[in-house]
């Protein structure tokens, strides 16, 4: 665990003057414990998404006198949506879905991927931006509370079948 703590602390060191938000959802128990110790060191809040059956709770933890204080927020509905995820992690009004950038060569490719995913029941958002321009997600997807991010790439041939086919062979 000490190695995990050192690695994360080293990665965060250039940003010491920034505030951090640690996410304890997923990962291993050792990773969650390491994140908790670092969150205490930096006096940073933590989040955790609990899912039991069809019950979902979002926990936002803050520090008071070296004690972790939990704030529980039950989430309504049987499934979370991408809007819920971005609001929980980034905050309402701190992100937006801008769609694919038409100036980028990969915009058409992103659109094709999105339509294919939607045809199979995925919720899809394109061009999600946030954190004062630091966050730029090509494609965010959600299916039955499973979330993912796709960094869509294409070359100059990405608009043609030949270009798409070349990626399929990688």
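The table that follows gives values for the structure above.
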quantity	calculated
Selection count where residues are in a loop (DSSP other than H, G, I, E, B) and either within 23 Å of residue 39 (Cβ to Cβ) or touching a strand residue (DSSP E or B) at 6+ places or on another chain (Cβ under 9 Å) (or both), scope the stretch 79-100	9
Scope the stretch 43-70; condition more than 21 Å from the chain's Cα centre (by Cα) and surrounded by 15 or more Cβ atoms within 10 Å (Cβ to Cβ); matching residues	63
Residue in the stretch 22-30 that is at pLDDT below 85, on the phi > 0 side of the Ramachandran plot and not assigned by TED's automatic domain parsing to the domain that holds residue 128 present	yes
Pick from the stretch 71-86, criterion touching a helix residue (DSSP H, G or I) at 6+ places or on another chain (Cβ under 9 Å) and exposed (fewer than 14 other Cβ atoms within 10 Å of the Cβ), ranking: nearest to residue 22 (Cα to Cα)	73
Residue tally, condition assigned to a loop (DSSP other than H, G, I, E, B) and in contact (Cβ under 8 Å) with a residue 60 or more places away in the chain, over the stretch 132-152	2
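A quick yes/no check of all residues on (1) under 22 Å from the mean Cα position of the chain (by Cα); (2) modelled with pLDDT under 90; (3) exposed (fewer than 15 other Cβ atoms within 10 Å of the Cβ):
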residue	(1), (2), (3)
116	yes, no, yes
120	yes, no, yes
123	yes, no, no
131	yes, yes, yes
138	yes, no, no
144	yes, yes, yes
160	no, yes, yes
165	no, yes, yes
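So that you can scan it fast, the table gives a plain yes or no per residue for (1) more than 24 Å from residue 141 (Cβ to Cβ); (2) free of Cβ contacts under 8 Å to residues at least 24 places away in the same chain:
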{"residue": "5", "(1), (2)": "yes, no"}
{"residue": "8", "(1), (2)": "yes, no"}
{"residue": "12", "(1), (2)": "yes, no"}
{"residue": "19", "(1), (2)": "yes, no"}
{"residue": "27", "(1), (2)": "no, yes"}
{"residue": "31", "(1), (2)": "no, no"}
{"residue": "34", "(1), (2)": "yes, no"}
{"residue": "57", "(1), (2)": "no, yes"}
{"residue": "73", "(1), (2)": "no, yes"}
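Rundown of residues vs (1) closer than 24 Å to residue 144 by Cα; (2) assigned by TED's automatic domain parsing to the domain that holds residue 27, yes/no style:
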residue	(1), (2)
48	yes, yes
52	yes, yes
63	no, yes
74	yes, yes
85	yes, no
90	yes, no
94	no, no
99	yes, no
115	yes, no
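The values are calculated or read from the model by the stated rules, or taken from the named source; none is laboratory data. As the structure is a computational prediction, the values presented were derived from the model and not from experiment. Every residue, glycine among them, receives a Cβ derived from its backbone with ideal geometry; neighbour counts consider all protein chains shown.
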